[in-house]
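First up is the structure itself, then whatever we jot down about it.
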């Protein structure tokens, strides 16, 4: 026997405390466990310090399952733990505000799942608290970290599309189509997925000036869940360009179809989450071979691919979370910028302002300007 | 030599007079020449009686080219010709109203290219005049006669999609993207192609109650053409369902992309004109093989295919015109119904009302109800 | 009344005599009637002189339907008619040889549907007879005249793909999948559609040196039809590149799926007949936006589009026949070249030699060289 | 502070020793680290006991990076370690045979990357040794563990496709297209990727009886690498059905395009690795809505999805490895079956026999029967 014990990972570890253990708890736990060896050797090491949740049975099981060193049924224990550097809130929507605010005020860098808060006022308070505390903040608009979306962002920023003439963003799912499904406290199309569509619009084509909107609930009564099955908005960017933004939970066959098309003076782009590795690119050259190209965005010369696999070995949904958390933790370690690639609490608040304007516009039938302050 | 002279076609011929010889004159001439032998033996025979146009050089050439027996530079000659049964107006938009009205008043069955007229008032006058004269009328929303669109209509009418929850219609082209192209009197996105998107919506998912809208012209100044490069509308159907309707002439790479998606309680459909033979169908069964099916709509068991080719021998754009004119002329011969499959002048007027509401909504920023009368 | 009679079409008319009135008779009649006004003013005028067929009831009806001036039940009447310049044989396979040979010997320019003949010997005799008579010949490999296929040919000829490394050609249909369908005298997968796959290979990537092959008939017994449901060949080009060539009549869901992929040193192309307006083009630049582009081949800067419609107004199956016959008749009128774009009887004979080699290779299990002479 | 330490994972851990730290070492390390918490609570716990590799610098880094407890530069240390239950060989092809044989003889359950060995004789010796030792074996044909591939397998096994009439399998990449790239000891298209195509064929449509084949090397000389750039085989299954099997490293634009089409009496399936979540399914019902359906295979009612994410949250390439190793380790723990879903050493040997027959067939030009014994 001449096995040699492996040397310890010498990189400084970031200690994370997480609130929540559901679908997003699984996605974030997986990301935090994966990124240290995928983003090697420049990425951070992570210490899964503690996980919090209401049910002791479930949170203790999650701790064992994912390798969190400790658990608690009181999120305040995370906030009060001086060893925790980053607070990651993946709990239900109604638990976003208070714990995140407390964490920020305690000097923790803070991650919060979308939507950042239930009201604009709360979102803005979080934004201001993070600024006041000088901590880094992240609103989990993870789709910014799909490589094809990043490439699109970079192309637009570089001017490859020229002036943006119009765009359309839509997030469609179908799990609410069944009128007998139990929904309970589930939020509606605007909160659950609409905010992703809004954030993709802001990230890719810029700030929204005003919106007209419709909200409908052909399926969901107030007894079953938040009665918003579809959200349809006609927005105008500050640049003047028209943009449609929509979300629906009742589009049969659309399993997880966040998609968009962007048309500029020099070309067009389309993308969707069900085929997330593909960016469809049209560059207007006037030549006979112009056409929308299916670019498989996982090559060496693409963004966000260095950590992963060789040519054409495509990524999945979860990689958006891994890339996002790696970016955030790297910024924490190296005092780097969260923006423009990741969404901060400012972006979370901006999305909340758009959501509020959509709600008001739907109620009034009037084109509604996005509030510049809360 | 024992060649036997062919017997004459014994079917009664409909005598047609056509105004216009441009792109649409070519499409309609081709349709009128093709349909007698394709819709054999039940379809009509056609007598290409006369063609009218302003330029004698051009109209006389068109007459020779397409086999019109006569030509004239004054459309009134068509109206006044007692032998002409059907007046087919494929002239420029501004020549739609007066000649068509005169033809109708002269008792001709009348075909008019879209948009039916430049104003709602004119369109309604045409609608009323046709009704008063007891003639059959056709507004050339030819895309109703793509087999895949007909199949979609039939499915929705049969209830195969259940209740319609939301839909989106968009007609995108890119020929105006070049800011140096000469446009002259060309109309804008609402008139040229937007009306097709509106009509597809009405044909497939029903009447529109109200609209919010944006019109922009990032490229086209008033000197170059009608300054509407993009039209974006957020409509609510009378059923309550939200529908986005858009048209753009400045979407690079979209060559002739009229497309839509319709989501109902039982399934979803998508279609686009660049792949016009395909209807993409999702039927919600809950089974593991549910998925959007690429149905190639040119089989024996599909509508509008009987006249054409065997399995999988796909059709092109022009066939929508041939199918449409065959339907209309057959209705003239057999006193059949134009609606619901073809658009009458009532449908042309309805589309004009929607266009007017879009224009007003864009100007006012207010959700605008479609006028129920002119 | 001031209608002016149209001037006659002053172009010289080519007088055509056609044998056959089935599916291909319909396609060719439509082509001959359409091309004079579509290929205006440079194309030929056509005189539909006479149509021949065995059944007087059917051939006389076809004459009336399509506007053939005369009919006959004896194809020899066409051969003997001094007014007929072009003999167009669209009859059943077994009627290809004798009438076409007689027509050629009578000095007619000759069109023959595929396959040119039932044996290599007959095909070569036709090839030689046409050469001896100095007439122009056309084997109806119509898919060469799909604009996307022509563009591919031009790209390859221009060297845009560099050296060809490999390719695959396949023609798949499904109408024989039903084991109870009556087939009668229908030929098998090699004759009906396989020859198109062979011709596409020869047209696009060059001459075939040798083949290995399999023929199977899981469905069709000799009582029902020619017992060849699938043909699979592994060919080696004279250049050395490997090419698979296949045809099947029992591929459920493949309605008319002639398709191919070609890989060269500089790029790749794919195309299929069910989406015939699209050429998918990959050009290897090494840049981050490389991807297969969906080129809609019906723009002004594309081949074979001049006669047709504006940007994005896509074509259908039948246009391949119209383009092909326009090319042939134009060559007859102007003594132009049939090759390389259209297939002559030499190409028909070459395809027959490949088919014979496939048959022998399947029987022997041995890589079989294509005979250089019959 | 009231954090409670998490309870230890009570599941028995399987101790793994791995040889190799390259691309596959990364993929397998990731899989072994991920599967314990994804396949919770029924899956195995894994003890990353030791990693072996030739370069101490690299293997020690890999140990630290991935969390292997120990490392060694001599693979015999793994074989000799009594604590190691599973030997996982992800080293270069030439290191597959001897270490794997030694591990099996030492009673380790053995995993080996493809190809199992360099010769049929070696592969068969491994197969026999594993049987003699009574250990479980796995040849890493990981694409069997893509959910869409599993669904296809299940459908075919259940008879949903009826009798298989024909199929085509092709694995195309393009990284060898550049004639100046350094390749060194890289194997050719048959070994690197061709074996995956062969295995997919065997897994999905059954055993191969004979092959004809071509091997070409338009780019790669023997100085640069194994001179096989393309492999093309025409196979006949034992059932009689024709199957084409091909692999190429010089198909521009094909980044990782393992794909296939399978046609049976009741329907057809297609799939490709670049869109790995999609199974395209055609079921022949004869109805008007028949069409290839894009089934997104990551729903609750699909195989291999239980461990992962909700509806439409698609998977990537690496998940095939995770699913495969979870399956194997679960079988080790519970003495379950490796076959039919995973490939054993018998399958590795079968693939080697097909590869050998392809090589001989290419050399001789003769249809070559697969050896039933080595």
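The values are calculated or read from the model by the stated rules, or taken from the named source; none is laboratory data. Here the structure is a predicted model, which means the values were calculated and not measured. Here Cβ is always computed from backbone atoms with ideal geometry, including for glycine, and neighbour counts include all displayed protein chains.
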Failed condition for residue B:282, given (1) under 24 Å from the mean Cα position of the chain (by Cα); (2) more than 14 Å from chain C (Cβ to nearest Cβ); (3) buried (at least 24 other Cβ atoms within 10 Å of the Cβ): (1)
Index of the failed condition, residue A:81 passing every other in (1) closer than 19 Å to residue A:99 by Cβ; (2) in contact with a helix residue (DSSP H, G or I) (Cβ under 9 Å, 6 or more places away or on another chain); (3) touching a residue at least 40 places away in the same chain (Cβ under 8 Å): (2)
Test: residue in the stretch D:358-369 that is in a loop (DSSP other than H, G, I, E, B) and within 26 Å of residue C:365 (Cβ to Cβ): yes
Subset of the stretch D:303-313 [touching a helix residue (DSSP H, G or I) at 6+ places or on another chain (Cβ under 8 Å) and closer than 18 Å to residue A:29 by Cα]: D:307, D:308, D:309, D:310, D:313
Restricting the stretch A:238-253 to residues that are more than 21 Å from the chain's Cα centre (by Cα) and farther than 15 Å from residue B:282 by Cα, the residue that is nearest to the other protein chains (Cβ to nearest Cβ): A:242
Test: residue B:317 is within 14 Å of chain C (Cβ to nearest Cβ) and surrounded by fewer than 24 Cβ atoms within 10 Å (Cβ to Cβ): no
Test: residue in the stretch C:202-215 that is under 18 Å from residue C:254 (Cβ atoms) and crowded, with 24+ Cβ neighbours inside 10 Å: no
The stretch A:286-305 - residue that is over 18 Å from residue B:256 (Cα atoms) and out of contact with any strand residue (DSSP E or B) (no Cβ under 8 Å at 6 or more places or on another chain) and, of those, farthest from the other protein chains (Cβ to nearest Cβ): A:304
Checking residue D:312 against (1) surrounded by fewer than 24 Cβ atoms within 10 Å (Cβ to Cβ); (2) under 20 Å from residue D:156 (Cβ atoms); (3) over 17 Å from the mean Cα position of the chain (by Cα), the condition it does not meet: (2)
Some residue of the stretch A:183-193 being over 23 Å from the mean Cα position of the chain (by Cα) and at pLDDT below 95: yes
Residue list for the stretch B:22-46, restricted to those being surrounded by 20 or more Cβ atoms within 10 Å (Cβ to Cβ) and part of a strand (DSSP E or B): B:46
Any hit, the stretch C:122-142, residues being out of contact with any strand residue (DSSP E or B) (no Cβ under 7 Å at 6 or more places or on another chain), crowded, with 24+ Cβ neighbours inside 10 Å and part of a loop (DSSP other than H, G, I, E, B): no
Out of A:51, A:14, sole residue that is more than 19 Å from the chain's Cα centre (by Cα) and crowded, with 24+ Cβ neighbours inside 10 Å: A:51
Qualifying residue in the stretch A:284-292 (condition: touching a residue at least 12 places away in the same chain (Cβ under 8 Å), out of contact with any helix residue (DSSP H, G or I) (no Cβ under 8 Å at 6 or more places or on another chain) and in a loop (DSSP other than H, G, I, E, B)): yes
Members of the stretch A:254-279 that are within 13 Å of chain D (Cβ to nearest Cβ), free of Cβ contacts under 8 Å to residues at least 24 places away in the same chain and either assigned to a strand (DSSP E or B) or over 18 Å from the mean Cα position of the chain (by Cα) (or both): A:272
Failed criterion for residue D:333 (all others in (1) touching a residue at least 60 places away in the same chain (Cβ under 8 Å); (2) part of a loop (DSSP other than H, G, I, E, B); (3) touching a strand residue (DSSP E or B) at 6+ places or on another chain (Cβ under 9 Å) hold): (2)
